[in-house]
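Following: one structure in structure tokens, then a few remarks.
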Amino acid sequence: MIQYIYRVGLTLMLCLTSTFAFGQEIKYPNIDGIGKESIGLAVLELALSKSGTNYSVTVDKRSVNQNRARSMVESRELDVFDTGFQKDLEQRFLPIYLPLEMGLLGWRVPIVHRDTEAKLSNVENLNQLTQFSVGQGQGWGDIPILENAGFKVVTASKIEKLIKMVDGQRFDLFPLGATEVYQFLEKFGAGSKNLIVDSNVTIVYPYGRFFYVTKDHLKLADAITTGMENALADGSLVNLLKQHPFSKDAFDKAGLTNRTRIDIESPDTNESFSQIDSRWWYTP
């Protein structure tokens, strides 16, 4: 009997020790099957490590798109997701309005079919560029921005499908953030001899990727906010962006200052978005 009590007590002590050591587990979505590789996960882990809390992060095994990830956070299957700004998400979630990639998601560089690149070399303004159709993922916040600017937008459920569609010339341009475009082409379009990252234009609009949690998850929201502020202040956020595979290309490969820059508006921003401190926004 004494040995049994000892074993139970030891097991309980080990469980408590494990909980203290590793902290509360935060579940993060596996968007398009690349959750573990994503810049969102890397920034989340960095922020929580600088938040003064003992949270730990795990990536869900199920590959999902943005819409499914949001539903899973609402149902408490997951704890947090990140996506491009959408004003309407405030009705469902608590946003942390600090752009995790410093707004580089709003510097869009297109994947194109080789036959399209030569045509883009003659583009000088928005009116000329809107003659080209674009592709975007279902649920992406860029869709209303691009449509408002005059683009015809074609959507699909996953990046892999969109890559195949631009390869098949179902649309002309697949604009992605300068942080991610080269990596997405390498990962999802490496087998194609037709696809390239265009070297001529960049579409720029006020935009950013943000973390969202449920409205009752205030402790997690506070931890992410504190950690991100600390990471920006000590330079570790910028260092991460310059080194991470899904962000470094914006700094060392995209040549953003050498492209024809086409600026468009973000019509659906809100007061919280407009009040984000300027130090959070990338400037070349």
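Figures for the structure shown
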read-out: Residue satisfying all of: in the stretch 111-139; part of a helix (DSSP H, G or I) and of a type in the set (Asp, Glu); nearest to Arg170 (Cα to Cα) among these; value: Asp115
read-out: Residue check for Phe151: crowded, with 20+ Cβ neighbours inside 10 Å, aromatic (Phe, Trp, Tyr), out of contact with any Pro (no Cβ under 7 Å at 6 or more places or on another chain) and part of a loop (DSSP other than H, G, I, E, B); value: yes
read-out: Every pair of residues 6+ apart whose Cβ atoms lie under 8 Å, when the first sits in the stretch 162-183 and is free of Cβ contacts under 8 Å to residues at least 60 places away in the same chain and assigned to a helix (DSSP H, G or I) while the second is open to solvent by 40 Å² or more (accessible area, probe 1.4 Å) and not aromatic (Phe, Trp, Tyr); value: Val166/Asp172; Asp167/Asn194
read-out: From Gly84, Gly9, Gly33, residue being modelled with pLDDT under 95, under 22 Å from Glu160 (Cα atoms) and surrounded by fewer than 17 Cβ atoms within 10 Å (Cβ to Cβ); value: Gly33
read-out: Any hit, the stretch 236-248, residues being among the basic types (Lys, Arg) and either under 26 Å from Phe93 (Cβ atoms) or over 18 Å from the mean Cα position of the chain (by Cα) (or both); value: no
read-out: Residue selected from the stretch 89-98 under the condition in contact (Cβ under 8 Å) with a residue 60 or more places away in the chain and not in a loop (DSSP other than H, G, I, E, B), by the criterion most open to solvent (accessible area, probe 1.4 Å); value: Glu90
read-out: Any pair with Cβ under 8 angstrom, 6 or more apart, that starts in the stretch 61-78 at a residue that is among the hydrophobic types (A, V, I, L, M, F, W, C) and ends at one that is at pLDDT below 95 and open to solvent by 60 Å² or more (accessible area, probe 1.4 Å); value: none
read-out: Out of Glu77, Glu101, sole residue that is of a type in the set (D, E, K, R), open to solvent by less than 20 Å² (accessible area, probe 1.4 Å) and modelled with pLDDT of 95 or more; value: Glu101
read-out: Qualifying residue in the stretch 183-192 (condition: touching a Ser or Thr at 6+ places or on another chain (Cβ under 6 Å) and either surrounded by 23 or more Cβ atoms within 10 Å (Cβ to Cβ) or under 19 Å from Gly35 (Cα atoms) (or both)); value: no
read-out: Members of the stretch 193-222 found to be of a type outside the set (Val, Ile, Thr), open to solvent by 10 Å² or more (accessible area, probe 1.4 Å) and part of a strand (DSSP E or B), listed by number; value: Leu195, Arg209
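The values are calculated or read from the model by the stated rules, or taken from the named source; none is laboratory data. Note that this is a predicted model, so its numbers are computed, not measured. Note that we place each Cβ from the backbone using ideal geometry, even for glycine, and neighbour counts take in every protein chain shown. For the accessible areas, the whole protein counts, side chains as well, though only heavy atoms, and no ligand, DNA or RNA atoms are used. Shrake-Rupley method; radii C 1.70, N 1.55, O 1.52, S 1.80 Å.
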